[in-house]
Amino acid sequence: MPVFQIHHVTKYIYNRPVKESVNQVRIYPVASAQQEILQHEVKISSDPDLFFFIDYWGNRCADFSLIDAHTSLIIDSRVVVRTIGKEKVEQTVSYLADVKKAVESDFQLYELTRPEEIKSVKAINSIIASLDYKSKTVMQIAEACCNYIFKEFKYIKGITTIETTVDEILDHRSGVCQDFAHVYLQLLRTIGIPSRYVSGYICPNKNGMRGEGATHAWVEVWIPGPGWTGIDPTNNVWVTIDHVKLAVGRNFDDCTPLKGTFKGVAKQTLSVYVSVGYEDGHVFEELHDVQMFVSESEKEAVRLAEEAAQQQQQQ
């Protein structure tokens, strides 16, 4: 089974000091029957105390705070992980009636069958109608939805952000792994199949998969019998030994590697560096400057602060 060395650095830079930063991280790979964590080291700016807990979805998380003024926040994670799952997912014969029966007695499964409220309901229903899904098994439905996204949506970096909605993705029919995962979830949940968002890494070692070396997103489908089973609409494959799982949830917001707040008026920039080292010595690395959503009120606050700073310098 393959062993991967993954280096993941999240770096926030502020153009003026901020303080009382309160944060939550989900950067701890899942230890399971599919992957074994051999070594993991996390370093955070100023070495704060970490308060660990397990969240609603079963993810290992940690809260921390940086009270003093600072102009940067860096989270440096280095993990060695062995994937030990099967190299091929076996087909299972189960149908929507089997899913419905299970959902009736499991509230969390029920939660994960509720699609997001969107404007483009007709577009989603049109896609589903084209799949002729009613006679298919759950796995065949999952494959059909995955194949549709893979063929009909273009993989283009830089045109979406973490705030991009399902409606917007359906409109321009393009995006990256996170966008495809959200559309895929909308399709499956509209049909009534429990499904959840997965964050992690893809480690295919030069075999042409999209998303290599970066943080990646895919979906887990709940299938009667085997249970949660990963499938990757960005690459149109079932998840086996090339994916390393970090966290699961209803959508990206439940799985984001870092979220938090701070006091202060400052422009912030975010960059994410990920490298994946393979057993053959090959290393794939990527540095990504993340396009961040900034509200109009935040823009105005920063503008006023900059004007005040300029006036102070002139005095």
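The values are calculated or read from the model by the stated rules, or taken from the named source; none is laboratory data. It should be emphasised that the depicted structure is a prediction, and the values quoted were computed from it without experimental measurement. FYI the Cβ positions are ideal-geometry reconstructions off the backbone, even for glycines, and counts take in every protein chain you see.
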Next item on the list: May I ask you to verify whether V25 is outside the structural domain of C203 (by TED's automatic domain parsing), more than 21 Å from T269 (Cβ to Cβ) and touching a residue at least 60 places away in the same chain (Cβ under 8 Å)?
Entry: no
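Considering every residue within the stretch 27-38, establish whether at least one is surrounded by 11 or more Cβ atoms within 10 Å (Cβ to Cβ), of a type in the set (S, T, Y) and in contact with a Cys (Cβ under 8 Å, 6 or more places away or on another chain). Break it down into steps so the answer makes sense when it comes.
If we filter the stretch 27-38 for residues that are surrounded by 11 or more Cβ atoms within 10 Å (Cβ to Cβ), which is where we start, we get 27-32, 34-38.
From what's left, of a type in the set (S, T, Y): 28, 32.
Cutting the leftovers down to in contact with a Cys (Cβ under 8 Å, 6 or more places away or on another chain) gives us 28.
Yes, the stretch 27-38 has at least one match.
Restricting attention to the stretch 228-255, and to residues there that are of a type in the set (D, E) and outside any strand (DSSP E or B), which single residue is farthest from the chain's Cα centre (by Cα)? Break it down stepwise before answering.
Of the residues in the stretch 228-255, the ones of a type in the set (D, E) are 232, 242, 253-254.
If we keep only those that are outside any strand (DSSP E or B) too, we end up with 242, 253-254.
Values: D242: 16, D253: 8, D254: 9 Å.
Only one residue tops the list, namely D242.
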Check: What residue, among those in the stretch 250-270 that are out of contact with any helix residue (DSSP H, G or I) (no Cβ under 7 Å at 6 or more places or on another chain) and within 23 Å of S174 (Cβ to Cβ), is surrounded by the most Cβ atoms within 10 Å (Cβ to Cβ)?
Finding: C255
Next item on the list: Give me a count of the residues in the stretch 256-272 that are out of contact with any Phe, Trp or Tyr (no Cβ under 6 Å at 6 or more places or on another chain) and not in a strand (DSSP E or B).
Entry: 5
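Test G225 against the criterion of being more than 29 Å from A33 (Cα to Cα), out of contact with any Cys (no Cβ under 8 Å at 6 or more places or on another chain), modelled with pLDDT under 95 and not in a helix (DSSP H, G or I), and give yes or no.
On the way: more than 29 Å from A33 (Cα to Cα): no; out of contact with any Cys (no Cβ under 8 Å at 6 or more places or on another chain): yes; modelled with pLDDT under 95: yes; not in a helix (DSSP H, G or I): yes.
Against the criterion (more than 29 Å from A33 (Cα to Cα), out of contact with any Cys (no Cβ under 8 Å at 6 or more places or on another chain), modelled with pLDDT under 95 and not in a helix (DSSP H, G or I)), G225 does not qualify.
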Item checked: Residue satisfying condition, being in contact with a strand residue (DSSP E or B) (Cβ under 6 Å, 6 or more places away or on another chain), exposed (fewer than 15 other Cβ atoms within 10 Å of the Cβ) and in a loop (DSSP other than H, G, I, E, B), within set S46, S135 -> S46
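Would you mention how many residues in the stretch 273-296 are under 21 Å from the mean Cα position of the chain (by Cα), at pLDDT 90 or above and either in a loop (DSSP other than H, G, I, E, B) or among the β-branched types (V, I, T) (or both)?
First, the residues of the stretch 273-296 that are under 21 Å from the mean Cα position of the chain (by Cα): 273-277, 284-294.
Filter once more, so that each one left must be at pLDDT 90 or above: 273-277.
Filter once more, so that each one left must be either in a loop (DSSP other than H, G, I, E, B) or among the β-branched types (V, I, T) (or both): 274, 276.
Within the stretch 273-296, residues that are under 21 Å from the mean Cα position of the chain (by Cα), at pLDDT 90 or above and either in a loop (DSSP other than H, G, I, E, B) or among the β-branched types (V, I, T) (or both) number 2.
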Item checked: Single residue of A214, A247, A308 found to be surrounded by 15 or more Cβ atoms within 10 Å (Cβ to Cβ), modelled with pLDDT under 95 and among the hydrophobic types (A, V, I, L, M, F, W, C) -> A214
Margin query: Tell me the residue from I44, I74, I54 that is free of Cβ contacts under 8 Å to residues at least 12 places away in the same chain and in the same structural domain as E285 (by TED's automatic domain parsing), please.
Written below: I54
Item checked: Verdict on Y201 being assigned to a helix (DSSP H, G or I), more than 16 Å from D254 (Cα to Cα) and assigned by TED's automatic domain parsing to the domain that holds T240 -> no
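Between E168, E163, E143, which is among the charged types (D, E, K, R) and assigned to a loop (DSSP other than H, G, I, E, B)?
Working: E168 fails: assigned to a loop (DSSP other than H, G, I, E, B); E143 fails: assigned to a loop (DSSP other than H, G, I, E, B).
Sole residue among the options that is among the charged types (D, E, K, R) and assigned to a loop (DSSP other than H, G, I, E, B): E163.
Matching residues to (1) modelled with pLDDT of 95 or more; (2) under 25 Å from W228 (Cβ atoms); (3) among the basic types (K, R):
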residue	(1), (2), (3)
K134	no, yes, yes
V138	yes, yes, no
C146	yes, yes, no
F153	yes, yes, no
H182	yes, yes, no
Q186	yes, yes, no
T190	yes, yes, no
V198	yes, yes, no
C203	no, yes, no
Next item on the list: Looking at (1) farther than 29 Å from V244 by Cβ; (2) modelled with pLDDT under 95, find the lone condition where E163 falls short.
Entry: (1)
